[in-house]
Amino acid sequence: MDRYQLKAEKRESTGKGVARRLRSRGQMPAILYGAGTDSLPLSVDIHDMELLLNKVSPSQALLDLDIQNGGNNKKTVMIKELQIDPLKFNYLHVDFYEVKMDQQITTTVPVVAVGTSKGVEEGGILQIIRRELEIICLPGDIPEQIEIDITDLEVGDSLHVQDIQTGDKLEIPYETNFTVLTVVSPAMEKAEEAEAEEGEEAGEGVEEGAEAAGETEEQ
């Protein structure tokens, strides 16, 4: 797995006012923590963060975080949480989690179907139930994606998490053998869509009834 460089600076102050001033200068507040590591308030350049996330998914970014002030500390970290403004899509805050290259971590990676299944060639429809899977491995062994060969799947066939071969470097933890993907017939797909639409309409009816009751009480 590739490692990326990112610069950060220690900050002495915290709070909403400090965060606003940082963002006005093109910086964003951050925090570093980890097992056996004291929390450390930081700031990072928003443009640097945008460039980084154009290359890699936040959940998969393995970073060499270079803390400029305070002795040029370098930490190997992953992004634990990234807060984004839901309206303006601006980056608001990032949590970095320090990792040890010789200690396993838990993260998620995307699932990618490879090939064309026999069932799809016969008119079936591929449904990916789980687009991401949780894995346990060393930081340096995190794959970009988990590829699943679907060539032999026919209509009605499903692939479960237990069927995925991961090798010795990573583990997919699970308590139940859940479905990851399946190939369904067009008729089954339409039936599922109809059920979903009926559920949405029923939910809208309940909401409308509740709104009407509320209006009556207010009057």
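Residue by residue, here is whether (1) in contact with a Ser or Thr (Cβ under 9 Å, 6 or more places away or on another chain); (2) closer than 30 Å to GLN103 by Cα; (3) part of a strand (DSSP E or B) holds:
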residue	(1), (2), (3)
GLU147	no, yes, yes
LEU153	yes, no, no
GLN165	no, yes, no
ASN177	no, yes, no
THR182	yes, no, yes
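Can you list residue pairs whose Cβ atoms sit under 7 Å apart, with the first residue in region 124-142 being within 17 Å of VAL56 (Cα to Cα) and the second being assigned to a helix (DSSP H, G or I)? Count only pairs 6 or more apart in sequence or on different chains.
ILE142/GLN60
Being under 14 Å from THR182 (Cα atoms), in contact with a helix residue (DSSP H, G or I) (Cβ under 6 Å, 6 or more places away or on another chain) and charged (D, E, K, R) is the filter here; which residues of region 147-171 pass it?
Scanning region 147-171 gives a single hit, GLU154.
Among (1) surrounded by 15 or more Cβ atoms within 10 Å (Cβ to Cβ); (2) within 17 Å of the chain's Cα centre (by Cα); (3) more than 24 Å from LYS100 (Cβ to Cβ), which single condition is LEU133 missing?
Among (1) surrounded by 15 or more Cβ atoms within 10 Å (Cβ to Cβ); (2) within 17 Å of the chain's Cα centre (by Cα); (3) more than 24 Å from LYS100 (Cβ to Cβ), the lone unmet condition for LEU133 is (3).
Based on this model, can you work out whether LYS75 counts as basic (Lys, Arg) and touching a residue at least 24 places away in the same chain (Cβ under 8 Å)?
Judged against the criteria, LYS75 is a match.
Just checking, which of LEU87, LEU92 is touching a residue at least 40 places away in the same chain (Cβ under 8 Å) and within 22 Å of the chain's Cα centre (by Cα)?
LEU92
Looking at region 108-129, which of the residues that are surrounded by 15 or more Cβ atoms within 10 Å (Cβ to Cβ) and assigned to a loop (DSSP other than H, G, I, E, B) is farthest from the chain's Cα centre (by Cα)?
Within region 108-129, the match that is farthest from the chain's Cα centre (by Cα) is GLY124.
Of the residues that make up region 8-30, is at least one under 28 Å from PRO143 (Cα atoms) and in contact with an Asp or Glu (Cβ under 6 Å, 6 or more places away or on another chain)?
no
On the basis of being without any contact (Cβ under 8 Å) to a residue 40 or more places away in the chain, assigned to a strand (DSSP E or B) and farther than 26 Å from GLU132 by Cβ, does SER13 make the cut?
no
Within region 75-82, is there a residue that is surrounded by fewer than 17 Cβ atoms within 10 Å (Cβ to Cβ), under 16 Å from the mean Cα position of the chain (by Cα) and on the phi < 0 side of the Ramachandran plot?
yes
A quick yes/no check of all residues on (1) out of contact with any strand residue (DSSP E or B) (no Cβ under 8 Å at 6 or more places or on another chain); (2) modelled with pLDDT of 95 or more; (3) part of a strand (DSSP E or B):
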{"residue": "LEU52", "(1), (2), (3)": "no, no, no"}
{"residue": "VAL56", "(1), (2), (3)": "no, no, no"}
{"residue": "ASP64", "(1), (2), (3)": "no, no, yes"}
{"residue": "LYS75", "(1), (2), (3)": "no, no, yes"}
{"residue": "LYS80", "(1), (2), (3)": "no, no, yes"}
{"residue": "GLN83", "(1), (2), (3)": "no, no, yes"}
{"residue": "PRO86", "(1), (2), (3)": "yes, no, no"}
{"residue": "PHE89", "(1), (2), (3)": "yes, no, no"}
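The values are calculated or read from the model by the stated rules, or taken from the named source; none is laboratory data. Just so we're clear, the structure is a prediction, and the values are computed from it rather than from any experiment. Heads up, the Cβs are rebuilt from the backbone with ideal geometry, glycines too, and the neighbour counts pull from every protein chain shown.
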